[in-house]
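Student: Structure in structure tokens, see below.
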Amino acid sequence: MTATPGPPNEQWVEFDTTDGEHWRVDVGFLGSEWTCIWGAGCRGIGPEADPTHIMGCCSLGAEFANPDDAMNVAAHAAFLDPERFQFHEVAERDGIFADDSRRATRVVDGGCIFLNRADFEGGAGCALHQAALADDEPPRDWKPIVCWQLPFRIDVVEAEQQGTPVHVLRRWARADFDEERSVSRPDGGGPNLSGAIGSMGGDEDGDSAASIPWLCTDDPAAYVAEVSAVARNRDDLVELVGEEAVAEIVRRL
């Protein structure tokens, strides 16, 4: 299969892994030239296009998948110093969480507390991401789960016959932000991101996520990589779906 510029047509393949999971995968997207264009044309998900191209999908903060996710981020945030973390003082004074429920990161000046802005001397971008790279660790070990899993999405649906769960791997699209369905794995092997849909797509008045005006997976400008999405994001995909499933996806491209 040859990738073409722009959002690809869905191309579905199905297979089973040795652990008994049945997968349905959109290899149209996985084999496409999609890449994150943060800092290089990213419009951002806010109502107005971001001229700095660094707000990305961080405008509303990140909702944690579960208490362990929140605890992990808090533990790593404790290692951030002011030179790496623009809002270090805010974090020390008010904490990194949006409220006492500890379900989401605090929003500061229109973006996640961990998002260093374009004018920060320590460098723009996620403070957790940058610190992880500086310490030669995978950013996914430091960041909220939803942040490193995007743009990939797993839905778990029941098969029409025999009731066997089907794990559907595909891209996020703008339409998904209008929904509030769970994308958790029933065996506990992945996070429940239904809350993340709400946190990134609605507002404090409960308005629908239809207000999300843009998402990179729908924009031809993001389909400019020289390698496939699965190759570029292989390590994260292995963490998400397992080595065997990734190998089978690559074989099917």
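Student: Please tell me the relative contact order of segment 67-145 in percent, rounded to the nearest whole number, where contacts are Cα pairs under 8 Å and at least six residues apart.
Tutor: 31 percent
Student: Note down the magnitude of the dipole of segment 21-64 about its Cα centre, charges +1 on Lys and Arg C-beta and -1 on Asp and Glu C-beta and zero elsewhere, to the nearest 20 debye.
Tutor: 60 debye
Student: State to the nearest 20 debye the size of the charge dipole of segment 67-145 about its Cα centre, where the only charges are +1 on K and R beta carbons and -1 on D and E beta carbons.
Tutor: Computed about the Cα centre, the dipole is about 260 debye.
Student: Give me the number: length gained by fully extending residue 173 to residue 94, i.e. 0.36 nm times residue separation minus the C-alpha to C-alpha distance, one decimal in nm. All intermediate terms of the calculation are to be shown ahead of the outcome.
Tutor: Details: separation 79, 0.36 × 79 = 28.44 nm, distance 3.38 nm.
Result for the pair: 25.1 nm of gain on full extension.
Student: What FRET efficiency comes out for residue 227 versus residue 135 if R0 is 25 angstrom and r is the Cβ-Cβ distance? Round to the nearest 0.05.
Tutor: Calculated value: 0.45.
Student: Then there is this: Mind running the shape call on segment 1-112? Use the C-alpha gyration tensor, a ≥ b ≥ c as the square roots of the eigenvalues: rounded below 1.5 for a/c, prolate if a/b tops b/c, oblate otherwise. Numbers along the way, then the final one.
Tutor: Numbers: a/c = 2.85, a/b = 1.55, b/c = 1.84.
Here segment 1-112 falls in the oblate category.
Student: For a test of the definition: using alpha carbon positions, the gyration tensor, and the 1.5 limit on a/c, classify segment 67-145 as rounded, prolate or oblate.
Tutor: oblate
Student: Just subtract the alpha-carbon distance of residue 101 and residue 75 from 0.36 nm times their residue separation and send over the number in nm, one decimal.
Tutor: Values: separation 26, 0.36 × 26 = 9.36 nm, distance 1.67 nm.
Stretched fully, the residue 101-residue 75 segment lengthens by 7.7 nm.
Student: Determine the distance separating the Cα centre of segment 210-245 from the Cα centre of segment 30-74; give it in Å without decimals.
Tutor: If we compute the Cα centre of each part, the gap is 13 Å.
Values quoted throughout were computed directly from the atomic coordinates according to the rules given, and no laboratory measurement underlies them. Note that the structure is predicted; figures quoted are calculated from it, not measured. A quick note on method: Cβ atoms are made from the backbone with ideal geometry, for glycine too, and the neighbour counts reach across all protein chains shown.
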